[in-house]
Amino acid sequence: MRYEELTIEGRNAVIEAFRAGKTIDKLFLLDGCQDGPIRTILREAKKTDTIINFVQKERLDQMSETGKHQGVIAFSAAYHYGTVEEMLQKAEEKGEPPFLILLDNIEDPHNLGSILRTANQVGAHGVIIPKRRAVGLTATVAKASAGAINYTPVAKVTNLVKTIEELKKQGMWFVCGDMDGESMYQLDLTGPMGVVIGNEGDGVSRLVKEKCDFVASIPMFGDIDSLNASVAMGVLSYEIVRQRIQKNK
């Protein structure tokens, strides 16, 4: 799929995209417009998890690449989303304990792309993101992932807390990165593990953190007090890799 096809403009094009089963992440509609085609688009969007935004004409004009938006612009996912079940199945097929990356409101597409790239290299079986207040699989993410988007599945879930609860029932443990945690070198991270990373501004949200079994800090010796989210994810994930290798010797 070519990256420039990810922005879909015009009523018929958007209706066809929905009917063809494309994943539409976000839909922007002209506020107040109630004609037949717009109502059809709205009906199709409500069958899915599409985030619907009603905006003024000026906003649509700014977003438009063609100048022919007809009151509707859709952002289609660059790639199809996987499922958490597929990730667990992948781990089972490889005979490995599940290793998942969960992202709590990562909004920067470059960060998500870098995380996908690292997730692939550390052997994670998949990345889980929330449906709202987080970046989806956009063209920028695809480019930043350096091809990893083709190999590492990404699942979108409605509620990260519930997903963690369900996975814990299946024997998984969860570690989140936080400056106030215990040093990651003191923790046993060798079992079926989920790594939870928050965004740079707020970190992991309180409700999600409360569900984690471990809160791990990364030792830091510099003059600033935090790491980029994708770097923190990489450091913590490679500590899990190190411990697994050590255990299997």
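Read-outs throughout are calculated quantities, based only on the coordinates presented, and are distinct from any laboratory measurement. Because the structure is predicted, anything quoted here is derived from the model rather than measured. FYI the Cβ positions are ideal-geometry reconstructions off the backbone, even for glycines, and counts take in every protein chain you see.
In this calculation the C-beta distance from residue 19 to residue 162 is compared with R0 = 30 Å, giving a FRET efficiency of 0.45. Helical content alone sets the calculated 222 nm signal of the chain at -11000 deg cm²/dmol, taking -39,500 (n - 2.57) per DSSP H segment of four or more residues and averaging over every residue. Say the cut-off is 27 Å between C-alpha atoms; which of 90/131; 94/209; 131/169; 57/143; 169/247; 26/57 go over it? Pairs exceeding 27 Å: 94/209; 57/143.
Angle of helix 229-247 to the longest C-alpha principal axis of the chain, folded into 0 to 90 degrees and rounded to 10: 40°. Cysteine residues of the chain whose C-beta has no other cysteine C-beta under 4.7 angstrom: 33. Helix 36-46 and the longest principal axis of the C-alpha atoms of the chain enclose an angle of approximately 10°. Binning the C-alpha pair distances of region 70-151 at 5 Å intervals from 0 yields a P(r) profile of 3, 15, 24, 26, 16, 9, 4, 2, 1, 0, 0 %, listed from the shortest bin outward. Expressed to the nearest 5 percent, the antiparallel share of DSSP beta bridges inside the chain is 25 percent. Size descriptors for the chain, from the alpha-carbon set: Rg then Dmax equal 19.9, 67 Å.
Projecting label points 7 angstrom from Cα along Cα→Cβ for residue 35 and residue 190 puts them 6.7 nm apart. Think of each Lys and Arg Cβ as +1 and each Asp and Glu Cβ as -1; about the Cα centre, that makes the dipole of the chain roughly 760 debye.
For region 4-79, which GluC sites (Glu not before Pro) are both in a DSSP coil and crowded by at most 15 other Cβ atoms within 10 Å? Could the numbers behind the result be given before it?
Numbers: sites: 4, 5, 9, 16, 44, 58, 65; in loops: 65.
Those that pass, being in a loop and sparsely packed, are 65.
Please give me, ordered by residue number, the GluC sites (Glu not before Pro) of region 84-128 that lie in loop per DSSP and have at most 16 other Cβ atoms within 10 Å. Can you show the working numbers first?
On the way: sites: 85, 86, 92, 93, 107; in loops: 107.
Of the GluC sites (Glu not before Pro), the ones in loops of region 84-128 whose Cβ has at most 16 other Cβ atoms within 10 Å are 107.
Taking a point 7 Å from the Cα of residue 92 along the Cα-to-Cβ direction, the residues of region 155-179 with backbone N closer than 16 Å to it are 167-172.
Summarising the amide proton neighbourhood of residue 178: residues at separation of 5 or more, or on other chains, whose placed amide H is nearer than 5 Å comprise 216, 217, 218.
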